[in-house]
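*Asks:* Here you go, one structure.
The values are calculated or read from the model by the stated rules, or taken from the named source; none is laboratory data. Just so we're clear, the structure is a prediction, and the values are computed from it rather than from any experiment. Positions of Cβ are backbone-derived with ideal geometry, glycine not excepted, and every protein chain shown enters the neighbour counts. Accessible surface is based on the protein model in full, side chains and every heavy atom, while ligands, DNA and RNA are left aside. Shrake-Rupley method; radii C 1.70, N 1.55, O 1.52, S 1.80 Å.
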Amino acid sequence: MSVVPEIYLQTMDKAMALADFAAATSADVPVGAIIINSAGEIIAQAGNAREAQHDPTAHAEVLAIRYAAERLGTWHLEDATLVVTLEPCVMCAGAIVLARIGRVVFGAWDPKAGAAGSLFDILRDRRLNHRPEVISGVKEVECSQQLKAFFEEQRERPRE
């Protein structure tokens, strides 16, 4: 495996903190997403907010893309990098392609719903008009453990 740039490692740590916040404040699945520009500056960030917003599309990636587009005044995000703790799902991968995000860096693989190589590979599908660079497995063990701990706690929690 090649050396992962320090900026992606640092940004993944911040994304994991967003994921923890989402889980702690609204019992959302702990996923955090951050969009940085080519200088490594954060232009948007979000944690999952499906439970908080009662919105099935409020995945961390989709929210971060919305915030970045609003802040930059354009939906063309080709110079941006999305750093996310979990492999994007089909919906999020579609939003990434449509936003023309230049690079996706993700942590944990999602064998049940992943669309960046696990179940599907939308991000590298040659039939689509845009294919971002994909860097996978950044802090994979830590991101996977974060999700595992959340779901173990959910299973142990008494049902109301």
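*Asks:* Which numbered condition in (1) open to solvent by less than 50 Å² (accessible area, probe 1.4 Å); (2) more than 21 Å from residue 32 (Cβ to Cβ) is the only one that residue 131 fails?
*Replies:* Condition (1) is where residue 131 drops out.
*Asks:* Which residue is surrounded by the most Cβ atoms within 10 Å (Cβ to Cβ), if the candidates are limited to the stretch 104-128 and must be within 18 Å of residue 82 (Cα to Cα) and of a type in the set (Phe, Trp, Tyr)?
*Replies:* By that ranking, first place goes to 106.
*Asks:* Then there's this: Taking the residues in the stretch 39-71 that are closer than 19 Å to residue 15 by Cα and acidic (Asp, Glu) as candidates, determine which candidate is surrounded by the most Cβ atoms within 10 Å (Cβ to Cβ).
*Replies:* Top of the filtered list is 61.
*Asks:* Determine whether the stretch 72-83 contains at least one residue that is surrounded by fewer than 19 Cβ atoms within 10 Å (Cβ to Cβ) and closer than 27 Å to residue 154 by Cβ.
*Replies:* To start, the set of residues in the stretch 72-83 that are surrounded by fewer than 19 Cβ atoms within 10 Å (Cβ to Cβ) comprises 72-76, 78-79.
Going one step further and asking which of them are closer than 27 Å to residue 154 by Cβ, we end up with none.
For the stretch 72-83, residues surrounded by fewer than 19 Cβ atoms within 10 Å (Cβ to Cβ) and closer than 27 Å to residue 154 by Cβ: absent.
*Asks:* Right, next: Is there a residue in the stretch 5-15 that is under 25 Å from residue 131 (Cα atoms) and assigned to a loop (DSSP other than H, G, I, E, B)?
*Replies:* yes
*Asks:* Sticking with this one: Among the candidates 82, 63, which residue alone is of a type outside the set (Asp, Glu), in contact with a strand residue (DSSP E or B) (Cβ under 7 Å, 6 or more places away or on another chain) and in a helix (DSSP H, G or I)? Give the derivation first.
*Replies:* Numbers: 82 fails: in a helix (DSSP H, G or I).
Going through 82, 63 in turn, just one is of a type outside the set (Asp, Glu), in contact with a strand residue (DSSP E or B) (Cβ under 7 Å, 6 or more places away or on another chain) and in a helix (DSSP H, G or I): 63.
*Asks:* Being in contact (Cβ under 8 Å) with a residue 24 or more places away in the chain, in contact with a Phe, Trp or Tyr (Cβ under 8 Å, 6 or more places away or on another chain) and under 27 Å from residue 129 (Cα atoms), is that true of even one residue in the stretch 67-74?
*Replies:* yes
*Asks:* What are the residues in the stretch 86-114 that are free of Cβ contacts under 8 Å to residues at least 60 places away in the same chain, in contact with a strand residue (DSSP E or B) (Cβ under 7 Å, 6 or more places away or on another chain) and of a type in the set (A, V, I, L, M, F, W, C), if any?
*Replies:* Filtering the stretch 86-114 down to residues free of Cβ contacts under 8 Å to residues at least 60 places away in the same chain leaves 87-100, 102-104, 106, 108-114.
Then drop every residue that is not in contact with a strand residue (DSSP E or B) (Cβ under 7 Å, 6 or more places away or on another chain), which leaves 87-88, 93, 96, 102-104, 106, 108, 110.
Matches in the stretch 86-114: 93, 96, 104, 106, 108.
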